[in-house]
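Working notes, beginning with the structure itself.
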Amino acid sequence: MIVVVRADMDNSQVHFEEKDNVIKRQSESIANTPKPRPTSSRCLRPCTRILKPVRAVQNGNVVLLPNNCEFKNAQCKAADARSGPLLLAEDQTNIVWPVLD
C-alpha cells in the first residue's frame, strides 16, 4: 500500500523580514563589541629552556620566572596590559623552583 500526501503551499509570499532584522541586529552588535588588544609580538621573544630562576615583584606579590629572558617577556606583557610594573626583586638568593614529583 502506498500513501501519497501532498501539501498545497502558496509560494507567492516569502517571510524573511523578521529573520533579516535579527541577523542585521546580530551583525551590528558583533561590530560594536570592543576588540581585545592584540598581543604584541615584541613581547614574545624566544627563550631558552635553561632553568635559572628569577624572582620578581608585581603589585606586592612575588613572582618566580624560569629565567631572565622569560622575565623580560613577562615585564613587556605587564606593561602592555597596564597591570602594574613587574620589577626584578633585589634579593635573588636562595630561589627554590617548585618541582612536582
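Where a number appears in this text, it was derived from the coordinates with a stated rule and is not lab data. As the structure is a computational prediction, the values presented were derived from the model and not from experiment. Here the Cβ positions follow ideal geometry from the backbone for every residue, glycine too, while neighbour counts run over all protein chains shown.
Show me 45-53, 93-101, 78-86, 65-73 ranked by packing, highest mean number of other Cβ atoms within 10 Å first. All intermediate terms of the calculation are to be shown ahead of the outcome.
Values: 45-53: 10.7, 93-101: 6.4, 78-86: 13.6, 65-73: 17.7.
With the highest mean Cβ count within 10 Å placed first, the list reads 65-73, 78-86, 45-53, 93-101.
How large are Rg and Dmax for segment 42-88 when only the alpha carbon atoms are used, in Å?
10.3, 28
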